[in-house]
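Following: one structure in structure tokens, then a few remarks.
Rule-based calculations on the coordinates, nothing more; no lab input. Bear in mind that the values here come from a model prediction, so they are computed numbers and not experimental data. Backbone-built Cβ (ideal geometry, glycine too); neighbour counts: all protein chains shown.
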Amino acid sequence: MLPLRRRQRRRLRWGLGVPGAAVLLACVAACALAERASAGRASALSAHFGTKSRYEDVARPRPGPGPAGPCAPLQLVALVRHGTRYPTAKQVGRLRALHGLLLRAGPPGPGLAGALARWPLAYEDWMDGQLVDKGRRDMRRLAARLAARFPLLLGRAGLARVRLVSSSKPRCVDSAVAFARGLWAHLHPGLPEPEPADMEFGPPEINDKLMRFFDHCEKFLTEVEKNDSALYQVEAFKNGPEMQKIIKKVAAILQVPPSDLNADLIQVAFFSCSFDLAIRDIQSPWCDVFDTEDAQVLEYLNDLKQYWKRGHGYAINSRSSCSLFQDIFHHLDEAVEQRQRSQPISSPVIFHFGHAETLLPLLSLMGYFKDKEPLTAYNYKEQMNRQFRSGHIVPYASNLIFVLYHCEHAETPARAYQVQLLLNEEPLPFVHSPETVAVYQELKDHYKDVLQSCHSDRECVLPNINITSDEL
Ligand SMILES: *[C@@H]1O[C@H](CO)[C@@H](O)[C@H](O)[C@H]1NC(C)=O
């Protein structure tokens, strides 16, 4: 706890003397480097951990140029994925099965197989996806960097108007609280941290309809989530030549018959390396089992699943996020109207805490990371340079921020409102233009269809439910 505080304080002190942007860059680079140095060999693999990636391994926080001219940020609407977390109970079950397999193979000998058998299972069922200490630090650091970046909106005076919205999952609520505490600590350097209840913010508002829209979309649940054949590309890739090669190789290393292994066990063995690195900051011998080529194949397996379940694979994946998209624009509209009437902005800062499954559909709905060809079991090689790389899009603590600016002296009143999108703290060019700043009205025009005619409740209705009379 203490070193973190000290670092934040130091960061703040730097901030007083030197222009903010330079400081932010220097600190971010230094912090990322320090963390990367401890990674050792695992760092060669860590670009391929997909949704299990550490933020500092893949994100490149960069202060982008905001809108030209005298512009001030008016509102932040942010979506944040929870920080680093424990494996889910299902993954813990697979880790245990893998460990059991090694122990049954005989007493641990020398070499890698022995090292793996002796490597203790550090995860238990009760941990089931909970936020870990590193996840809390992910959130605190993100809060501190954003406060340094947006001092006008995230200053002490504005704290009371920061709104926190969260999915009901404990890892998200805990992320929201850690973020709020980090923000408070950054703005009150040197002061003992009060209990969250005594800070300016209220508790996070729970809103699963917004943050877990996928649980509320009947069409998505039926056609994708509960439909075994929806992920047939994933199943085909698991049984394809790329995976079979890895299964044989790993079986030889573990000294077990290949028939004892399957793609799911291989994947969890690979995750084992990423979990130990992300959660405990240690390098597990599991990292020595895989080389970069294996890691690329396993990254593709992870991306393939995200693509068909959360991304462009099926239209309903992204259409189910319409209500969230519209909610964001509703906030932006409200801020614009209030500013036009010279009223105070009622919600200048809104942070939503959700999941990779919240962010991926929304980014897909907005048209991002769409490759010309779909990702399939059969085009692994052609997709080597794909845009859809979940590790770069949704690592732990990933975030998408809509920044609404108001600019003085605009040519027309409508042009006074401009927007910038930040993905993982880096300006994200728009789908409709290579720029990283857009006139708000032009952005709305680009998304006119989604804003006007996409309504989750309508999109999510199941088509032709044929209930015949004898079924009634
Ligand atoms: C399940 O997915 C397959 C493949 O997309 C599709 O053809 C089928 O209609 C789906 N089943 C249901 C019940 O929606």
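Hey, what number do you get for the chain at 222 nm if only DSSP H runs of n ≥ 4 count, each worth -39500 (n - 2.57), divided across all residues, to the nearest 500? Intermediate results must be reported in sequence, preceding the final value.
Numbers: 20 runs with 217 residues, N = 472.
Dividing the helical sum by the residues of the chain leaves -14000 deg cm²/dmol.
Ignoring aspartates and glutamates fewer than eight residues from residue 134 along the same chain, the ones with Cα atoms less than 13 angstrom from its Cα are 35, 56, 174, 276, 281.
Less than 5 angstrom separates the built amide H of residue 353 from those of 80, 165, 166, 167, all sequence-distant by 5 or more or on a different chain.
Placing unit charges on C-beta atoms (Lys and Arg positive, Asp and Glu negative, everything else neutral), compute the dipole magnitude of the chain about its Cα centre in debye, rounded to 20. Don't jump to the answer; show the numbers that get you there.
Details: 57 positive and 52 negative charges, 350 e Å.
Rounded to the nearest 20 debye, it is 1680 debye.
Between the alpha-carbon centres of segment 360-399 and segment 104-159 there is a gap of 24 Å. A simple rule links phi to the HN-Hα coupling: the Karplus curve 6.51 cos²θ - 1.76 cosθ + 1.60 with θ = phi - 60°, which for segment 261-266 gives 10, 8, 4, 5, 5, 5 Hz, with x for Gly and Pro. Computed from backbone phi with θ = phi - 60° and the Karplus coefficients 6.51, -1.76 and 1.60, the 3J(HN,Hα) list for segment 141-157 is 5, 4, 4, 5, 5, 5, 5, 5, 7, 10, x, 6, 8, 10, x, 4, 5 Hz; x is used for glycine and proline.
Based on Cα contacts under 8 Å between residues 6+ apart, segment 377-472 shows a relative contact order of 18 percent.
Note down the relative contact order for segment 301-415 as a percent, whole number, built from C-alpha pairs under 8 angstrom at least six residues apart. The value is 33 percent. Computed on the Cα trace of the chain, the radius of gyration divided by the Kirkwood hydrodynamic radius gives Rg/Rh = 0.98. Between the Cα long axis of helix 20-37 and the first principal axis of the chain there is an angle of about 10°, rounded to the nearest 10. Checking the cross-link pairs 90/381; 245/309; 238/381; 238/370; 238/309 against a 21 Å limit on the alpha carbon distance flags 90/381; 245/309; 238/370 as lying beyond it. With θ taken as phi - 60° and the Karplus curve 6.51 cos²θ - 1.76 cosθ + 1.60 applied, the whole-hertz 3J(HN,Hα) list for segment 217-230 is 10, 4, 5, 5, 4, 6, 7, 10, 4, 9, 9, 4, 7, 5 Hz, x standing for glycine and proline.
Summarising the amide proton neighbourhood of residue 85: residues at separation of 5 or more, or on other chains, whose placed amide H is nearer than 5 Å comprise 132. For a straight C-alpha distance cut-off of 16 angstrom, the lysines reachable from residue 169 (same-chain residues fewer than eight places away being disregarded) are 209.
Here segment 363-431 is assigned +1 on the Cβ of each Lys and Arg and -1 on the Cβ of each Asp and Glu. Its dipole about the Cα centre then comes out at about 280 debye.
A cut-off of 5 Å between modelled amide H atoms, ignoring neighbours fewer than 5 places along the same chain, links residue 193 with no other residue.
Could you tell me the relative contact order of segment 70-214? Use alpha-carbon pairs under 8 Å, at least six residues apart, and round to a whole percent.
Working: 174 pairs, mean separation 38.0, N = 145.
After rounding, I find 26 percent.
Rounded, prolate or oblate for segment 128-252? Axes are the square roots of the Cα gyration tensor eigenvalues, ordered a ≥ b ≥ c, and the cut-off for rounded is a/c under 1.5.
Details: a/c = 3.26, a/b = 1.95, b/c = 1.67.
The shape class here is prolate.
Which Cα, out of 93, 272, 361, lies furthest along the positive dipole direction of the chain (beta carbon charges, K/R +1, D/E -1)? Projecting each Cα onto the dipole axis, the largest value belongs to 272. Packing, taken as the mean count of other beta carbons within 10 Å per residue, orders the peptides 164-177, 228-241 from highest to lowest as 164-177, 228-241.
Of all beta bridges that DSSP places with both ends in the chain, some 60 percent have antiparallel geometry. Excluding same-chain neighbours fewer than eight residues apart, the aspartates and glutamates reachable from residue 305 by a Cα-Cα span under 14 Å are 225, 228, 235, 264, 357.
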